[in-house]
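Novice: What follows is a single structure, and I will ask about it in a moment.
Coordinate-derived values only; no laboratory data. Being a predicted model, the structure only gives us computed values, none of them experimental. Reconstructed Cβ throughout: ideal geometry from the backbone, glycine too, with neighbour counts over all protein chains shown.
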Amino acid sequence: MPPKHPQLDEIQKEVQRADEQRKHLIDLDLRGYLGSRGFLPNYAFVRAGTWAELLTPNEVRRIDRPPFIALTELAPGNTLYYGARRYSLERAGFLPKEASLEKGKRCTCGHIETQGPRCRACGKDLSAVVAEVRLMPPPVVLGLSKRRISSEEEERTRLGYEVEWDWRPKDPRRLQADSLRLLYEHNAEVVALNKGPRAWFLDEEEDHPLHGGFVLCKRCRRFLLSEKELEEHPWRENRPGRCTMGGSESDLLHNLLIQARAESDVLALEVPRPSELDGPAVEAFYKSLLAAFRKAALITLELADDELYGFLQPTPEPRLPYRVVLVEGQEGGLGALAALADWPGEEKRHPFHELVEVALRLMHAEEEGCEKASYDCLMDYSNQWDHPFLDRTLVLPFFHKLKGLEFKPAEKDPTHLDELLAQCESDLERRWLLEAQQRSVPLPQRAQHTVALGETFTRFDFYYDQGLGIYVDGPPHLEEERRQKDQQLRTQLTLMGVPFLVFREGEDWAAGFRELAVWLSGGPAAGEAWEEALQLADPAYRPLLEGLRDAGIGPPDAVGEDLMEAGRIVGQSIARWGSMHLVPPGLVARGLEVKPDTPLELVLEYLQGGKKAV
Ligand SMILES: [Zn+2]
Ligand SMILES: [Zn+2]
Ligand SMILES: [Zn+2]
């Protein structure tokens, strides 16, 4: 037998990878061919991405990209090379329908929240914040050939964009080993937001006019990408502007962020904050952990750079400042991450252990390595903004501990109902909670919640964070002295405009719960909006929608909306709340598929699950 080449294994892997890529390219070609023959992609293929149209001297050239790549590569303000020319992406091919843009709230921590009244990144209550951010799917942009590119444009392209990633877990598989948790979700909802060129944010200026996001002129469809353009573009009373269509200040659409979404496989690692680390070292630890985890996963799973994205997702829990999240770049799933979450695995050596060894080898565990980080270990092009933080010595001990670790299904977290039940002080209170649960009325966030009333205070048995208190009155409240005191306090509450509801023992609670549901869905205005929605809805689905209303779900944002796919109407949604659609059978990829007789609980679980912070 000939002597084994010392690098035989690596060479074989390389050959295999090249082979995979070749197969991938053939697939791509087939898709292009079918497209050119008029076959529109459907769900068997990757969801149609977005495109740019380059106005070349001879033709309009269409450049297609999948959503997460289009998000930055085909973003307004970027420069694209095609043929021997440079194209500047500055204009939208179409105007977005303003009314259909999803709205979001900007938290002081930087996170954009669209899913509820509480910031999922830091826990702050945002109910009083105005939803001024508008989220636009990646627009079709037009590219104009430009011979000369200003140094500002050059810089903008070089610095790239500020992107926030958001995984919205529904029901991930949870695994546990010691204090570590591994979460895996197939076809998870992942959203990425392009908040604008990074160049805007490097400028420390407090009230930079572009910090709110992209600005689009509705008249000429041009994106205004610098302070100067913003100043000079609109026509004003006393001086002409640069807008060729005569647009004025009121034609400018502000606070636009670009939002790409995909259903991809997600693997997340929850590592509690190391107690010995403090201050900036905490962030450095998580950034290094992400870099090591992702790079090792690329090698172990044999993926190309754009087949696996990674990001840190902040959480409001002090013991877990960030979750390390990996996302497959291809919708529908390559099935690569699934192997890491399969415990016990079928293979002799679990891929997770292989990953850990690769990470240790990458980070020069057994040799004299670089001081903190290098391109051989943690650095790569995609994490260039984290380079100053990366430090392999912060995470090496952690990866040593991972060797040989076995994950098991995690114990179930106590449910919110369990927690509330544990805080109850009487059977009557427990009865109230169980009845609320049974009636599908949302549960209160708190129990035994004290509210100050000038000099004195009152303690609600339950409290909704939207500002509603609940009293559940048992026999002691019937005593004369107690009753007078209650009366006094409750009058004061009414005077102060603090809403509350009283449930008394021995009375029928049905009316109270109905009132509660209406209040939680947004008060009398919501009642009217619901009426309107029910009138417009497909009559077959009316009973189902009424059930949702009575369970305290707010009125939908739209009913009977057209669902578009590659510029073509593929059906109508029954109702939509934010990004959550109820759709008729056959459109399952666009939301929850429901029939008129779908059990209410299933629909509630979908709607409330999507809003729940994990
Ligand atoms: Zn926040
Ligand atoms: Zn204009
Ligand atoms: Zn190194």
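Novice: Karplus couplings for the stretch 379-396 from phi (6.51 cos²θ - 1.76 cosθ + 1.60, θ = phi - 60°), rounded to Hz, Gly and Pro as x?
Specialist: 7, 8, 4, 5, 10, 4, 6, 9, 3, x, 8, 5, 8, 5, 5, 6, 10, 4
Novice: Please state the relative contact order of the stretch 483-566 as a whole percent: Cα pairs under 8 Å, 6+ residues apart?
Specialist: Once normalised by length, the contact order is 28 percent.
Novice: Under a cut-off of 17 Å between alpha-carbon atoms, report the aspartates and glutamates in cross-link reach of LYS295, not counting same-chain residues fewer than 8 places apart.
Specialist: Within reach: GLU10, GLU14, ASP305, ASP306, GLU307, GLU328, GLU354, GLU357, ASP376, ASP380, ASP386, ASP391.
Novice: Also: Using the structure shown, list the pairs from LYS146/LYS195; LYS146/LYS218; LYS170/LYS287; LYS170/LYS412; LYS287/LYS408 with a Cα-Cα distance above 18 Å, or answer none. Let's see the in-between values first.
Specialist: Values: LYS146/LYS195 25 Å; LYS146/LYS218 23 Å; LYS170/LYS287 25 Å; LYS170/LYS412 15 Å; LYS287/LYS408 26 Å.
Beyond 18 Å between Cα atoms: LYS146/LYS195; LYS146/LYS218; LYS170/LYS287; LYS287/LYS408.
Novice: Could you tell me which residue out of SER288, PRO499, ALA75 lies farthest along the dipole of the chain toward its positive end? Charges go on the beta carbon: Lys and Arg +1, Asp and Glu -1, centred on the Cα centre.
Specialist: ALA75
Novice: For the stretch 250-258, just list the computed ³J(HN,Hα) in residue order, Karplus coefficients 6.51, -1.76 and 1.60, θ = phi - 60°, integers in Hz, with x standing in for Gly and Pro.
Specialist: 6, 8, 8, 9, 9, 6, 8, 10, 9
Novice: Percent of alpha carbon pairs in the stretch 524-611 separated by more than 23 Å? Write down the numbers at each step before the final one.
Specialist: On the way: 581 of 3828 pairs.
When all Cα pairs of the stretch 524-611 are counted, 15 percent exceed 23 Å.
Novice: Can you tell me the dipole magnitude for the chain around its Cα centre, using point charges on the Cβ only (Lys, Arg +1; Asp, Glu -1), in Debye to the nearest 20? The partial results should precede the final answer.
Specialist: Numbers: 77 positive and 101 negative charges, 335 e Å.
Using only the charged Cβ atoms, the result is roughly 1600 debye.
Novice: Taking amide H positions as placed in the peptide plane 1.01 Å from N, state which residues far from GLN448 in sequence (5 or more) or on other chains have amide H under 5 Å from it.
Specialist: For GLN448, whose amide H was placed from the backbone, the distant partners under 5 Å are PHE462.
Novice: Taking H placed 1.01 Å from N in the peptide plane, check which residues at least 5 places from TYR82 or on another chain put their amide H under 5 Å from its amide H.
Specialist: TYR87
Novice: A further question on this structure: Normalising by the residue count of the chain, find the relative contact order in percent from Cα pairs under 8 Å and 6+ residues apart.
Specialist: On the way: 997 pairs, mean separation 57.3, N = 614.
About 9 percent, as a whole number.
Novice: If contacts are Cα pairs under 8 angstrom and at least 6 residues apart, what is the relative contact order of the stretch 148-197 in percent?
Specialist: 45 percent
Novice: Sort the following peptides by mean Cβ neighbour count (other Cβ atoms within 10 Å, averaged over residues), highest first: 473-483, 213-223.
Specialist: 213-223, 473-483
Novice: Choose one of HIS449, HIS400, PRO555: the residue whose Cα lies farthest towards the positive end of the charge dipole of the chain (beta-carbon charges +1 Lys, Arg; -1 Asp, Glu; about the Cα centre).
Specialist: The Cα lying farthest towards the positive end belongs to PRO555.
Novice: Mind listing the lone cysteines of the chain, meaning no other Cys beta-carbon sits under 4.7 Å from theirs?
Specialist: That list is CYS217, CYS220, CYS243, CYS370, CYS377, CYS424.
Novice: Using a basic spin-label model with each label point 7 Å from the Cα along Cα→Cβ, how many nm lie between ASP597 and SER248?
Specialist: That separation, rounded to one decimal, is 6.0 nm.
Novice: How would you order 569-575, 337-343 from highest to lowest mean count of nearby Cβ atoms within 10 Å? It would help to have the intermediate numbers written out before the result.
Specialist: Values: 569-575: 18.1, 337-343: 20.0.
Going from most to least packed, we get 337-343, 569-575.
Novice: While we're on this one: Roughly how many whole Å is it from the C-alpha centroid of the stretch 510-543 to that of the stretch 237-311?
Specialist: 38 Å
Novice: Moving on. Using the Karplus curve 6.51 cos²θ - 1.76 cosθ + 1.60 with θ = phi - 60°, what ³J(HN,Hα) values do you get for each residue of the stretch 143-156, in whole Hz, with x for Gly and Pro?
Specialist: For the stretch 143-156, the Karplus-derived couplings read x, 10, 5, 9, 6, 9, 10, 5, 5, 5, 5, 4, 5, 4 Hz, x marking Gly and Pro.
Novice: Between GLN176 and residues 5 or more places away or on another chain, which pairs have amide H atoms under 5 Å apart, with H built 1.01 Å from N, and which residues are they?
Specialist: LEU182, LYS408, ALA410
Novice: Can you give the Rg to Rh ratio of the chain, both from alpha-carbon atoms, with Rh computed by the Kirkwood formula?
Specialist: Numbers: Rg = 27.7 Å, Rh = 27.8 Å.
Across the chain, the Cα-based Rg/Rh ratio is 1.00.
Novice: Full extension from ARG198 to ALA510: what is 0.36 nm times the residue separation minus their Cα-Cα distance, to one decimal in nm? Please list the in-between numbers first.
Specialist: On the way: separation 312, 0.36 × 312 = 112.32 nm, distance 5.44 nm.
In short, 106.9 nm is gained.
Novice: Work out the charge dipole of the stretch 524-611 with +1 on the Cβ of Lys and Arg and -1 on the Cβ of Asp and Glu about the Cα centre, then indicate which of ALA566, GLY578, GLN608 is farthest towards its positive end.
Specialist: After comparing all options, I get ALA566.
Novice: Obtain the nm distance between the two label points defined at ASP125 and HIS211 by a simple spin-label model: each point lies 7 Å from its Cα along the Cα-to-C-beta direction.
Specialist: Going from the ASP125 label point to the HIS211 one covers 2.5 nm.
Novice: For THR456 and LEU421, what is the calculated FRET efficiency with R₀ set at 45 Å and r taken between the beta-carbons, to the nearest 0.05?
Specialist: According to the calculation, E is roughly 0.95.
Novice: Can you give the charge dipole size of the stretch 83-203 about its Cα centre, rounded to the nearest 20 debye, using +1 on the beta carbon of Lys and Arg and -1 on the beta carbon of Asp and Glu? Don't skip to the end; give the middle numbers.
Specialist: Numbers: 23 positive and 18 negative charges, 59 e Å.
Value, rounded to 20: 280 debye.
Novice: Next question. Sorted by mean Cβ packing within 10 Å, highest first, what order do the peptides 373-383, 446-456 take?
Specialist: Averaged packing, sorted descending, gives the order 373-383, 446-456.
Novice: FRET efficiency for CYS109 and HIS387, Cβ-Cβ distance as r, R0 = 22 Å, nearest 0.05? Show your work: numbers first, answer last.
Specialist: Values: r = 23 Å, r/R0 = 1.06.
According to the calculation, E is roughly 0.40.
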